[in-house]
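Asker: If you scroll down you'll find the structure; I have some questions about it.
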Amino acid sequence: MMDYKNYIGGTWVETQASQANVNPSDVSDVLGHAAKSSAELMEQAIDAAHQAAPQWAASTPQQRFDVLDFVGSEILARKEELGRLLSREEGKTLPEGIGEAARAGQIFKFFAGEALRQAGDRLASVRPGVEIDVTRSPVGVVGMITPWNFPIAIPAWKVAPALCYGNSVVLKPAELVPGCAHALVEILSRSGLPDGVVNLVFGRGSEIGPVLVESDKVKAISFTGSVPTGRGIAAACGQKLKKVQLEMGGKNPMVVVDDADLNLAVDACLNGAFFSTGQRCTASSRLIVTEGIHDRFVNALTDAMKALKVGHALEAGTQMGPVVDERQLQQNLSYVEVAAKESGRVIGGERLNRETEGFFMSPALVTDTDNAMRINREEVFGPVASVIRVKDYDEALAVANDTAFGLSAGICTTSLKLASHFKANAEAGMVMVNLPTAGVDYHVPFGGTKGSSFGSREQGRYAAEFYTTVKTAYTLP
Ligand code: NAD
């Protein structure tokens, strides 16, 4: 059993470890215990990052490449082992866990390359003889607060660009998944980074999170998590005039129109709604279907959903693992109840027993809903999708956009005209045509509009916007 210690200033710090890391597929399997850190320990981590910041800011592109490439290579070489750890602590199926671990490795590899490609602009001035250079500098200490649903990929897509652009880091991972963050930082601790450049502090978000957010030594906060927490963090950062980036919830629409390829649409919705147990901010939770294909689509998706094998995340053949914990499971079941009370027709959505005691439920499809119902307004964050019947594409687009969120939006169609129109008019940061709303590439920007995101984009070259400050220098030689 592991004791997940904090990593502060290049040292693994002994703290009383009391937060159990429980396998959601089998609650008798406790992986370890994580530190419940005090505000003082968070302050120490911030101080360590603050002290180390100038040294790493002055590092060469080669040093940054070497660190990031080392980490990426090791994660990729150990993707099966890390994927197994991930599936054991978070509950996504083993192939999904291995896929996420590999993704984390690829992200480090991408930013290793970016470390060598940092460029500025040289411009002519409007004044005779004057030269202008526009360059990017590190921001300084960046605080990172991450959720439980992508325990290695999300820390990776924040830490890798931060280091690539010369920043130091304090990472506060989600309470439910300390193992992956610990494994990632353990690799980073052997990567050649100077002490204090990366720090890891476990503990309750509501207790130590605000210390990180409010510290004057922390120059930027990158947060992924729920809307209420994100709003609070943005307000605190606003008071301090601190740079902030938020990635939050979604209520992502998938439009299926009459001319769609039925099999493709069913596959895309099955994947988007239920894979990773629906615990993806980009999950397809509103399936908006035009009249001509509605009944055929609902019947085919129901059959495909009922055939999904729900079980222990590490068991071969499992297609949908458990929900992450009892609290989230109860939340999912209560949304199913709400939908039924609102006169939705519920298929599935029941607690399941398996050989081991865990947080299993059958995926749920709620048909006969309209967009005003709570099930279509609020994020469930579980394997629950609803179907909204609409007359035509125009109504589908209006319903798709009628939401407080704007992360991802999809359409299944064989019409180039509709696909182009949807890409231009869907109010979302990411648009998918004939692809699930979830599942993105790692070298392009990730993020949303409206209530889903705030601040500049994560991932790809666009990450530079958040992790650097632009400087404009004028010279009269
Ligand atoms: P959460 O907001 O409860 O927790 C996220 C993180 O914030 C955790 O590390 C938590 O400890 C910390 N935290 C809690 N209270 C805090 C406070 N007062 N100050 C500072 N930090 C605090 O979210 P969660 O339940 O872990 O994750 C699920 C949510 O994350 C969902 O809403 C989902 O949509 C969202 N999510 C979004 C994306 C995205 O990129 N848009 C990706 C994954 C998950």
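The values are calculated or read from the model by the stated rules, or taken from the named source; none is laboratory data. Quantities reported herein were computed from a predicted structural model and do not represent experimental measurements. Positions of Cβ are generated from backbone atoms using ideal geometry, with glycine treated the same way; all protein chains shown enter the neighbour counts. Please note that ligands, DNA and RNA were not included when accessible areas were found on the heavy atoms of the full protein model with its side chains. Shrake-Rupley method; radii C 1.70, N 1.55, O 1.52, S 1.80 Å.
Asker: Taking Leu329, is it more than 22 Å from the chain's Cα centre (by Cα) and assigned by TED's automatic domain parsing to the domain that holds Ser284?
Answerer: no
Asker: Right, something else. Quick one: count up the residues across region 195-239 that are surrounded by fewer than 16 Cβ atoms within 10 Å (Cβ to Cβ) and away from the ligand (no atom under 12 Å from the Cβ).
Answerer: Residues flagged as surrounded by fewer than 16 Cβ atoms within 10 Å (Cβ to Cβ) and away from the ligand (no atom under 12 Å from the Cβ) within region 195-239 amount to 3.
Asker: A further question follows. Does Leu184 satisfy the criteria of being near the ligand (Cβ under 10 Å from one of its atoms), surrounded by 24 or more Cβ atoms within 10 Å (Cβ to Cβ) and either in the same structural domain as Val22 (by TED's automatic domain parsing) or among the polar types (S, T, N, Q) (or both)?
Answerer: no
Asker: Are there any pairs, at least 6 apart or on different chains, whose C-beta atoms fall under 7 Å, with the first in region 44-60 and closer than 16 Å to Thr468 by Cα and the second buried (at least 17 other Cβ atoms within 10 Å of the Cβ) and of a type in the set (S, T, N, Q), and if so, which?
Answerer: Correct list of pairs: Ala53/Ser168; Trp56/Ser168.
Asker: Out of the residues in region 1-28 meeting the condition of being within 30 Å of Arg354 (Cα to Cα) and surrounded by fewer than 16 Cβ atoms within 10 Å (Cβ to Cβ), tell me which one is nearest to the chain's Cα centre (by Cα).
Answerer: Top of the filtered list is Ala20.
Asker: Count, please, the residues in region 158-176 that happen to be more than 9 Å from the ligand (Cβ to nearest atom) and either surrounded by fewer than 24 Cβ atoms within 10 Å (Cβ to Cβ) or not small (Gly, Ala, Ser) (or both).
Answerer: Residues in region 158-176 being more than 9 Å from the ligand (Cβ to nearest atom) and either surrounded by fewer than 24 Cβ atoms within 10 Å (Cβ to Cβ) or not small (Gly, Ala, Ser) (or both): 10 in total.
Asker: Filter region 377-391 down to residues that are more than 16 Å from the ligand (Cβ to nearest atom) and either closer than 30 Å to Phe359 by Cα or assigned to a helix (DSSP H, G or I) (or both), then give me how many there are.
Answerer: The total comes to 3.
Asker: Follow-up. Can you confirm whether region 91-110 contains a residue that is closer than 30 Å to His312 by Cα, within 16 Å of the ligand (Cβ to nearest atom) and among the hydroxyl-bearing types (Ser, Thr, Tyr)?
Answerer: no
Asker: Then there's this: Quick test of your reading of the structure: Ala385 fulfils all but one of (1) open to solvent by 70 Å² or more (accessible area, probe 1.4 Å); (2) in contact (Cβ under 8 Å) with a residue 40 or more places away in the chain; (3) within 20 Å of the chain's Cα centre (by Cα). Name the failing condition by number.
Answerer: Just one mismatch for Ala385, condition (1).
Asker: Name the residue, out of Asp441, Asp394, that is open to solvent by 30 Å² or more (accessible area, probe 1.4 Å), on the phi < 0 side of the Ramachandran plot and assigned to a helix (DSSP H, G or I).
Answerer: Among Asp441, Asp394, only Asp394 is open to solvent by 30 Å² or more (accessible area, probe 1.4 Å), on the phi < 0 side of the Ramachandran plot and assigned to a helix (DSSP H, G or I).
Asker: Taking the condition surrounded by fewer than 24 Cβ atoms within 10 Å (Cβ to Cβ) and either touching a residue at least 24 places away in the same chain (Cβ under 8 Å) or in the same structural domain as Arg377 (by TED's automatic domain parsing) (or both), does Ala273 pass?
Answerer: no
Asker: So, in region 404-425, of the ones that are part of a loop (DSSP other than H, G, I, E, B) and open to solvent by less than 20 Å² (accessible area, probe 1.4 Å), which residue ends up nearest to Gly321 (Cα to Cα)?
Answerer: Looking at residues that are part of a loop (DSSP other than H, G, I, E, B) and open to solvent by less than 20 Å² (accessible area, probe 1.4 Å), I get Leu407.
Asker: Here is a further query. Sort through Glu465, Glu458, Glu427 and tell me the only one that's modelled with pLDDT of 95 or more, more than 13 Å from the ligand (Cβ to nearest atom) and assigned by TED's automatic domain parsing to the domain that holds Val141.
Answerer: Glu465
Asker: Restricting attention to region 373-381, does a residue exist that is under 25 Å from Pro228 (Cα atoms) and either loosely packed, with under 15 Cβ neighbours inside 10 Å or among the small types (Gly, Ala, Ser) (or both)?
Answerer: Taking every residue of region 373-381 in turn, at least one turns out to be under 25 Å from Pro228 (Cα atoms) and either loosely packed, with under 15 Cβ neighbours inside 10 Å or among the small types (Gly, Ala, Ser) (or both).
Asker: In region 444-474, which residues are assigned to a helix (DSSP H, G or I), open to solvent by less than 50 Å² (accessible area, probe 1.4 Å) and more than 24 Å from Gln106 (Cα to Cα)?
Answerer: Of everything in region 444-474, those that are assigned to a helix (DSSP H, G or I), open to solvent by less than 50 Å² (accessible area, probe 1.4 Å) and more than 24 Å from Gln106 (Cα to Cα) turn out to be Gly451, Ser452.
Asker: Further question: How many of the residues making up region 47-88 are open to solvent by 10 Å² or more (accessible area, probe 1.4 Å) and not polar (S, T, N, Q)?
Answerer: The number of residues fulfilling the criteria is 23.
Asker: If you don't mind, there's one more thing I want to ask. Which residues, counting only those in region 298-320, are part of a loop (DSSP other than H, G, I, E, B) and more than 27 Å from the chain's Cα centre (by Cα)?
Answerer: Ala307 - this is the single residue of region 298-320 that is part of a loop (DSSP other than H, G, I, E, B) and more than 27 Å from the chain's Cα centre (by Cα).
Asker: With crowded, with 19+ Cβ neighbours inside 10 Å and over 16 Å from Ile388 (Cα atoms) as the only criterion, which of Phe297, Phe360 stands out?
Answerer: Phe360
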